[in-house]
Amino acid sequence: MNLTIKDFTMNAIIKASLERSISYEEYRDLVRQLAVDNGTTGTQHTDALVNYTKLNDRRMKRWDKTLKISEEAQQKILDFDRKITWLIITESWCGDAAHVMPVLNKVAQLNPNIDIRVVLRDENLELIDMFLTNGGRAIAKVIMLDNETEEVINTYGPRPSEATTLVNDYKLKHGKLTPEFKEDLQQWYNTNKGKNITEDITNILCELSPMAICQ
């Protein structure tokens with residue numbers, strides 16, 4: 001395979017980001033401490049973002065304890081036999097990320113072939129700018145890497161598929177997201193309990209695995 005200058009640049013940026021990355025457990029420790037210290041990640045340290053960080057710490061704590069993966073999904077996850085890394089771009093104040101990341105961690109815990117690494121968006125702008133969503137630096141964004149080839153084999157995020165549809169439909173009808181819609185979206189996450197995220201991820205794993213685990 002012939003690599004272009006763009007490929008070399010992407011590979012170098014991803015490699016540098018991985019070297020700066022932390023584990024999910026280290027990220028949870030970071031957010032937990034920020035919540036205690038009235039802090040937040042990112043370049044802006046407003047009261048609103050501090051409060052979102054506190055709220056998200058509580059959300060992730062709850063999901064870390066209560067999330068369940070169905071037996072059907074567990075079998076698909078356990079059958080995945082390709083060594084990959086999920087490089088997750090996030091910030092502590094992001095509400096979507098607080099719901100998505102604990103599910104990703106639960107999935108990764110089931111299969112040692114899946115490794116999670118986490119970086120902060122505002123400290124890795126070159127990285128997020130290669131994986132924009134509709135031209136924006138939306139998070140959480142998951143870059144899926146093959147450990148052997150170091151190739152980007154897929155991406156995921158910033159939201160699960162059903163939530164993305166809800167957001168796009170609302171924007172089409174109303175032009176922008178309102179505070180009321182954002183509250184409704186958080187309620188959707190609470191009601192769905194990670195099922196849509198799990199479905200999305202297992203479908204991706206099925207596509208990536210050399211074994212026909214979806215059948």
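Say whether the condition of being among the β-branched types (Val, Ile, Thr) and farther than 15 Å from ILE204 by Cβ is met by at least one residue in region 95-117. Within region 95-117 (the criterion being among the β-branched types (Val, Ile, Thr) and farther than 15 Å from ILE204 by Cβ), the answer is no, since none of the residues qualifies. When LEU120, LEU166 are screened for being modelled with pLDDT of 95 or more, closer than 23 Å to SER17 by Cα and either open to solvent by 20 Å² or more (accessible area, probe 1.4 Å) or under 14 Å from the mean Cα position of the chain (by Cα) (or both), only LEU120 passes.
Among the residues of region 95-108, is there at least one that is surrounded by 22 or more Cβ atoms within 10 Å (Cβ to Cβ), within 11 Å of the chain's Cα centre (by Cα) and without any contact (Cβ under 8 Å) to a residue 60 or more places away in the chain? Yes: region 95-108 contains one or more residues that are surrounded by 22 or more Cβ atoms within 10 Å (Cβ to Cβ), within 11 Å of the chain's Cα centre (by Cα) and without any contact (Cβ under 8 Å) to a residue 60 or more places away in the chain.
Among the conditions (1) without any contact (Cβ under 8 Å) to a residue 60 or more places away in the chain; (2) closer than 27 Å to ASP146 by Cα, ARG58 misses just one, which is (2).
Checked against the criterion of being farther than 20 Å from HIS99 by Cβ and either open to solvent by 50 Å² or more (accessible area, probe 1.4 Å) or in contact with a strand residue (DSSP E or B) (Cβ under 9 Å, 6 or more places away or on another chain) (or both), the candidates THR155, THR149, THR191 yield just one match: THR149. Applying a threshold of 6 Å to beta carbon distances and a minimum spacing of six or more residues, or different chains, the list of pairs starting in region 180-204 at a residue that is on the phi > 0 side of the Ramachandran plot and ending at one that is part of a helix (DSSP H, G or I) reads GLY194/VAL103.
The values are calculated or read from the model by the stated rules, or taken from the named source; none is laboratory data. On a predicted model such as this, the values are computed, not experimentally measured, just so you know. So basically every Cβ, Gly included, is an ideal-geometry build from the backbone, and we count neighbours across all protein chains shown. These accessible areas exclude ligands, DNA and RNA; they are computed on the full protein's heavy atoms, side chains included. Shrake-Rupley method; radii C 1.70, N 1.55, O 1.52, S 1.80 Å.
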